[in-house]
């Protein structure tokens, strides 16, 4: 394992983030705080608690997960797409660097940035509501697993995309609606039976439910099912990336 090449890619990506700190960190944090204020004030006044948790505190895990998923996908997809766009991807592919090292560098940097933003939002939310974290180890585990998994998905999207429009297609039209419909602002138990069944087919539900369980000990699905869903999704992404580098799909002319 060439740790020097991994470090070079990782440091380059992290440096790019801090050069554009307003866009990379401050903007998503402010957007999430706006979500929190609007939903907490508009809906929280009508819903006192959900499953024994105040509504303001109940939506915090969902807001963190919303930002984590969006930022993981966006950071990883742009990180690998930009070398394709300017043509330097061929220099990287011809260098004595294994594809595993390339993935670790780009995905590791994207996951680090998204988890860092998620932790900032978590700290900021304590100024608005009283939070408790019953399972801090599992909370960190879900952050890491989710951040890495969706950074892998973003890496795939960055290779698949042929232009900047396609780069934004999945985060805006797929990831965000799935998060909103995945119980980020409500409990699945509040839905009618038919919609509850439909919601169970939303893969993001299992991520949000498991993450919320690490806070309050309540979940819409069993915690073991949530962990299995994350593991299955990560395995699928790793399999696709392995196939991409083996076949050269969208990497070589």
Legend entry - Folded to 0 to 90 degrees: helix 3-19 orientation relative to the chain principal axis, Cα: 60
Inset, instruction - Express the relative contact order of the stretch 1-141 as a whole percentage, based on alpha carbon pairs under 8 Å and six or more residues apart in sequence. - result: 40
Inset, instruction - Taking all pairs of distinct Cα atoms, average 1/r, flip it, and tell me the Kirkwood hydrodynamic radius of the stretch 3-247 in Å to one decimal place. - result: 18.6
Legend entry - Sorted peptide list for 97-108, 8-19, criterion being average Cβ within 10 angstrom, highest first: 97-108, 8-19
Legend entry - √(5λ) per eigenvalue of the Cα gyration tensor, the stretch 1-144, largest first, Å: 36, 16, 11
Legend entry - Angle in degrees between helix 60-86 and the longest Cα principal axis of the chain, rounded to the nearest 10: 10
Legend entry - Rel. contact order, % - alpha carbon contacts under 8 angstrom, at least six apart, the stretch 82-192: 29
Inset, instruction - Quick one: angle between helix 99-125 and the longest Cα principal axis of the chain, in degrees between 0 and 90, rounded to 10, please. - result: 30
Inset, instruction - For the stretch 111-175, would you read off the P(r) tail past 16 Å as a percentage of all alpha carbon pairs? - result: 59
Inset, instruction - Quote the relative contact order of the chain in percent (integer), defining contacts as alpha-carbon pairs under 8 Å separated by 6+ residues. - result: 26
Inset, instruction - Could you sort 240-251, 218-229, 59-70 so that the peptide with the highest average Cβ count within 10 Å comes first and the rest follow in order? - result: 59-70, 218-229, 240-251
Inset, instruction - Rank by packing, highest mean first: peptides 71-80, 170-179, with packing defined as the count of other Cβ atoms within 10 Å averaged across residues. - result: 71-80, 170-179
Legend entry - Kirkwood hydrodynamic radius over Cα pairs of the stretch 81-198, then Stokes diffusion coefficient at 25 °C and 0.890 mPa s, in µm²/s: 142
Legend entry - Value of [θ]222 nm, deg cm²/dmol, for the chain, DSSP H segments ≥ 4, -39500 (n - 2.57) each, nearest 500: -23500 deg cm²/dmol
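Every read-out reported here was derived from the displayed coordinates using simple, explicitly stated rules and does not represent laboratory data. Everything numeric here is computed off the predicted structure, so don't read it as measured data. In this analysis, Cβ positions are derived from the backbone assuming ideal geometry, glycine residues included, and neighbour counts consider all displayed protein chains.
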